[in-house]
Amino acid sequence: MSSMLPGDQNNNKKNKPEPFGEIFRSMNDFFHEKPIKGFLQTIDDFFKSPFPNGAFTVETQEKAEEFIITAQLPGIKREQIQLNILRNYITISVENNEIETAEDKYAQVFQQKLSRQQSSRTISLPQPIIENKVKASYRDGLLQIRIPREKGKTITIEE
């Protein structure tokens, strides 16, 4: 006969440790301590940012009739893009402002985070740019700027 009573078997199950419980607790503590927590947060921030290094890709083509500037701006809205022209320079600027708010169950704000990213690229052309002849379009994350080439006056050389 066993000396254990039926009620004692349930108590033994409660006291029996989980086989991997300590390992899981150790790993959880590892990922929530610094520097690992900071490293993982940095990785998350990297993938949230449209331009991780603050730059975006710009390509310039020179054709017979015009210059075509193409900028890849994935995830950017048209309102966030600004074009500035000064003499023979064109600057493409992108600004992204985000406000993240965390609220408790009573709708009282207890955390608010403002994130601001700004990036710009300046392209130099071999001729002055006439602003009212420049055309720009933005579709599917691709900005395209068309700048007509200006023809100078040809001078014939006399003998």
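The values are calculated or read from the model by the stated rules, or taken from the named source; none is laboratory data. Since the model is a prediction, treat every value here as computed from it, not as a measurement. All Cβ positions, glycine included, derive from the backbone under ideal geometry; neighbour counts span all protein chains shown.
Residues are listed down the side, and each one gets a yes or a no for (1) in a loop (DSSP other than H, G, I, E, B); (2) outside the structural domain of Lys135 (by TED's automatic domain parsing); (3) modelled with pLDDT under 65:
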| site | (1), (2), (3) |
| --- | --- |
| Asn28 | no, yes, no |
| Leu40 | no, yes, yes |
| Ala71 | no, no, no |
| Glu79 | no, no, no |
| Ile85 | no, no, no |
| Ser93 | no, no, no |
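Condition check for Phe110 on (1) assigned to a strand (DSSP E or B); (2) in contact with a strand residue (DSSP E or B) (Cβ under 6 Å, 6 or more places away or on another chain): one failure, at (2).
Out of Gln144, Gln118, one residue alone is modelled with pLDDT under 90, closer than 22 Å to Gln72 by Cα, surrounded by 10 or more Cβ atoms within 10 Å (Cβ to Cβ) and assigned by TED's automatic domain parsing to the domain that holds Ile81. It is Gln118.
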